[in-house]
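Right, one structure below, let's go through it.
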């Protein structure tokens, strides 16, 4: 067993909460990890963590480093990843990373990079906690344990309770992420052509009608109908407005269920919330639902044998 080598990347917003970043770095070091790339925490240009060239360079450098890290961890989300997509070296990244045991991890705005890297380089990345999440207070023990248990093993399982009663047993590639970011790439070369998949979505600070509108965009474009199931994660602080007249998230999701030709399941513990999973984007998955009990089994993703922190290995 060796200590995990972590390289920080900052493809989106700048580190407006340096205390959270410092706590995240400290927690990783306390777990025995080495943390490189700390200089990205100091970069600032307007609302971004540096220029487009600097932020794209964080990703492109993974194709040329002499020694790859075990984990490339995004510092935070926000906005800015979409500006980088035309500047990534997809062929070089595919050649260097396709069979490498590297976990590229982030969520929120990071969804844009995951979509593009899968579409253009065929890479499997991870929707999981950011450095800012690992340094949040109170400490997210669920997210921390899920992060390491998924990344350190060749398979993972997630179980949760869904309000939608169903009997399902189906498989397909798992993909998705932040709903707004995902929909922003529809019709572009960076939207992956995934058929027969299990799509998961989450969001934050969006009105219920905007959530419905984005899900309708996936429906009307044909993307939703080509999947085998839709999993709804956390939609944090997505409250009705003064003019919504009782129309809330439940009403929005009920409407999508009436038009979608696939199962729509809620309750996935993932998103902008205290409980956060680490989910491999593009990996084979099996979804089973028995009544209200849902289970997702994951395999075939890059994993890091022998890097789980000793504290977790001793206290699973």
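The values are calculated or read from the model by the stated rules, or taken from the named source; none is laboratory data. Since the structure is predicted, the reported quantities are computational estimates derived from the model, not experimental observations. Virtual Cβ from ideal backbone geometry, glycine too; neighbours counted across all protein chains shown.
Remarks
- Identity of the residue in segment 103-129, in contact with a helix residue (DSSP H, G or I) (Cβ under 7 Å, 6 or more places away or on another chain) and in a loop (DSSP other than H, G, I, E, B), that ends up surrounded by the fewest Cβ atoms within 10 Å (Cβ to Cβ): 122
- Counting only residues that are within 16 Å of the chain's Cα centre (by Cα) and not in a strand (DSSP E or B), segment 150-183 holds 7 of them.
- The number of residues in segment 85-101 being in contact (Cβ under 8 Å) with a residue 60 or more places away in the chain and either assigned to a helix (DSSP H, G or I) or buried (at least 21 other Cβ atoms within 10 Å of the Cβ) (or both) comes to 1.
- Test: residue in segment 58-68 that is surrounded by 13 or more Cβ atoms within 10 Å (Cβ to Cβ), in a helix (DSSP H, G or I) and free of Cβ contacts under 8 Å to residues at least 24 places away in the same chain: yes
- Restricting attention to segment 147-195, the residues being surrounded by fewer than 22 Cβ atoms within 10 Å (Cβ to Cβ) and on the phi > 0 side of the Ramachandran plot number 2.
- For segment 1-25, filtering for residues that are in contact (Cβ under 8 Å) with a residue 24 or more places away in the chain and assigned to a helix (DSSP H, G or I) leaves 7.
- Residues considered: 232, 224, 279, 220. Of these, the only one that is free of Cβ contacts under 8 Å to residues at least 40 places away in the same chain and within 15 Å of the chain's Cα centre (by Cα) is 232.
- Test: residue in segment 237-246 that is surrounded by 15 or more Cβ atoms within 10 Å (Cβ to Cβ), touching a strand residue (DSSP E or B) at 6+ places or on another chain (Cβ under 9 Å) and modelled with pLDDT under 95: yes
- Each residue in segment 194-210 was checked for being more than 18 Å from the chain's Cα centre (by Cα) and either within 24 Å of residue 285 (Cβ to Cβ) or at pLDDT below 95 (or both), and 2 of them qualify.
- If the condition is being surrounded by 22 or more Cβ atoms within 10 Å (Cβ to Cβ) and assigned to a loop (DSSP other than H, G, I, E, B), then segment 71-84 contributes 75, 76, 77, 80.
- Filter pass, residue 3 being within 22 Å of residue 135 (Cα to Cα) and at pLDDT below 95: yes
- Filtered residues of segment 23-49 (kept if on the phi > 0 side of the Ramachandran plot and over 22 Å from the mean Cα position of the chain (by Cα)): 32, 46
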